[in-house]
Amino acid sequence: MKTNTHSIVIPHEHGGWAMVSVPFLVGVIASGPHWLHAPLFVAWLGLYLTAYPLLQSLKKNANRHRLYKWAVIYGTVALICLIPPVLGQISLLFFGPVLAGLLLVNIWHVRHKVERSLTNDLCAMLVFSLGGAAAYLIGGGHWDYGMAIVVLFSFLHFTGSTFFVKSVFRERTNKRWLMLTRMVHILLIIIPMVIGYPWMSLAYVYSAVRTFIYAGRTLRPMKVGIIEIIGAVQFLIWSVLL
């Protein structure tokens, strides 16, 4: 089949869109909305869309010309939209080196064809969670404990999702993985209590129940997607308490 070199390049993974938006919204909720959140979110989405074709271009037989073209388009939009937030909060630039370093980790995994490894997944979770930190900063927050909490809770939520999704697909028959997944979800409930946010433990109860019921079972991708969407929505609702 001939590839359409003019077709738009966008990520097809539904989970990626949730990981872009949910931590960002948590940051907005924790700090308060500001008009600069609008261009910042478009810039954040643009950076995600830029990274996607660049990472795809590292794979064998990739249509690099088409991928590079869309990376430039997305990157240009991202940089333009990033100007107002950076002018409003110059310290946003400090996220640049951190994101670049984490992207290098992703690139290494793609080049070595191990992009589905847990290390790479957790690295991606951290990247997306930093979007919440940027939103928190723009909303009037500071480089403080509150920012760390926004990043941590987002990271924990999507870490739970990563373990769960693997437990119903690639690692469905791996008994050690299933046991580890259940242990992780128990920890997700305990951690908020330990760090002084006991009510946020309720945000991870759904994830734990979902895991203990479905981990190791065969589920259709659509059902998993619905389960994850519900989980993301209820997590956002509980994050109002931050």
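When segment 104-154 is examined, which residues are found to be open to solvent by 30 Å² or more (accessible area, probe 1.4 Å) and either in contact with a strand residue (DSSP E or B) (Cβ under 8 Å, 6 or more places away or on another chain) or of a type outside the set (A, V, I, L, M, F, W, C) (or both)? Once the filter is applied, which keeps residues that are open to solvent by 30 Å² or more (accessible area, probe 1.4 Å) and either in contact with a strand residue (DSSP E or B) (Cβ under 8 Å, 6 or more places away or on another chain) or of a type outside the set (A, V, I, L, M, F, W, C) (or both), segment 104-154 yields Arg111, His112, Lys113, Glu115, Arg116, Ser117, Thr119, Asp121, Gly140, His142, Asp144, Tyr145.
Is it the case, given these coordinates, that Leu104 is assigned to a helix (DSSP H, G or I), under 24 Å from Arg210 (Cα atoms), among the aliphatic types (A, V, I, L, M) and out of contact with any His (no Cβ under 6 Å at 6 or more places or on another chain)? No; evaluated as a whole, the condition is false for this residue.
Residue selection: Leu79 satisfies the criterion of being under 18 Å from Ala43 (Cα atoms), surrounded by 13 or more Cβ atoms within 10 Å (Cβ to Cβ) and more than 19 Å from the chain's Cα centre (by Cα). Against the test of being touching a Lys or Arg at 6+ places or on another chain (Cβ under 9 Å), aliphatic (A, V, I, L, M) and part of a helix (DSSP H, G or I), the options Val77, Val151, Val110, Val72 yield a single qualifying residue, Val110. Scoring Gly88 on the criteria (1) over 25 Å from Val114 (Cβ atoms); (2) in contact (Cβ under 8 Å) with a residue 40 or more places away in the chain; (3) surrounded by 19 or more Cβ atoms within 10 Å (Cβ to Cβ) leaves a single failure, condition (3). Take Ala43 and decide whether it is within 24 Å of Ile149 (Cα to Cα), open to solvent by 30 Å² or more (accessible area, probe 1.4 Å) and in a helix (DSSP H, G or I). Criteria not met by Ala43. Of the residues making up segment 22-40, those that are closer than 30 Å to His112 by Cβ and surrounded by fewer than 18 Cβ atoms within 10 Å (Cβ to Cβ) number 0. Return a yes/no flag: does segment 91-103 have any residue that is more than 16 Å from Ala124 (Cβ to Cβ), surrounded by 15 or more Cβ atoms within 10 Å (Cβ to Cβ) and within 22 Å of the chain's Cα centre (by Cα). The answer is yes, given that some residue of segment 91-103 is more than 16 Å from Ala124 (Cβ to Cβ), surrounded by 15 or more Cβ atoms within 10 Å (Cβ to Cβ) and within 22 Å of the chain's Cα centre (by Cα).
Answer yes or no as to whether Val224 is touching a residue at least 12 places away in the same chain (Cβ under 8 Å) and farther than 17 Å from Leu156 by Cβ. Working first, answer last.
Numbers: touching a residue at least 12 places away in the same chain (Cβ under 8 Å): yes; farther than 17 Å from Leu156 by Cβ: yes.
Yes: the conditions hold for Val224.
Taking segment 159-178 as the range and being open to solvent by less than 10 Å² (accessible area, probe 1.4 Å) and β-branched (Val, Ile, Thr) as the test, only Val168 passes. Look through segment 49-63, keep the residues that are farther than 19 Å from Trp108 by Cβ and not aliphatic (A, V, I, L, M), and return whichever of them is surrounded by the most Cβ atoms within 10 Å (Cβ to Cβ). Looking at residues that are farther than 19 Å from Trp108 by Cβ and not aliphatic (A, V, I, L, M), I get Asn63.
When Thr181 is tested against (1) closer than 30 Å to Ile90 by Cα; (2) surrounded by 23 or more Cβ atoms within 10 Å (Cβ to Cβ), just one condition goes unmet, and that condition is (1). Looking only at residues in segment 186-207 that are over 17 Å from Arg217 (Cα atoms) and not hydrophobic (A, V, I, L, M, F, W, C), the one that is surrounded by the most Cβ atoms within 10 Å (Cβ to Cβ) is Tyr204.
Residues that are under 21 Å from Leu126 (Cα atoms) and among the acidic types (Asp, Glu) are absent from segment 160-176 altogether.
The values are calculated or read from the model by the stated rules, or taken from the named source; none is laboratory data. As the structure is a prediction and not an experimental result, all values here were calculated from the model. Positions of Cβ are generated from backbone atoms using ideal geometry, with glycine treated the same way; all protein chains shown enter the neighbour counts. Ligands, DNA and RNA are stripped out before the accessible areas are found, and what is left, the full protein with its side chains, is counted by its heavy atoms. Shrake-Rupley method; radii C 1.70, N 1.55, O 1.52, S 1.80 Å.
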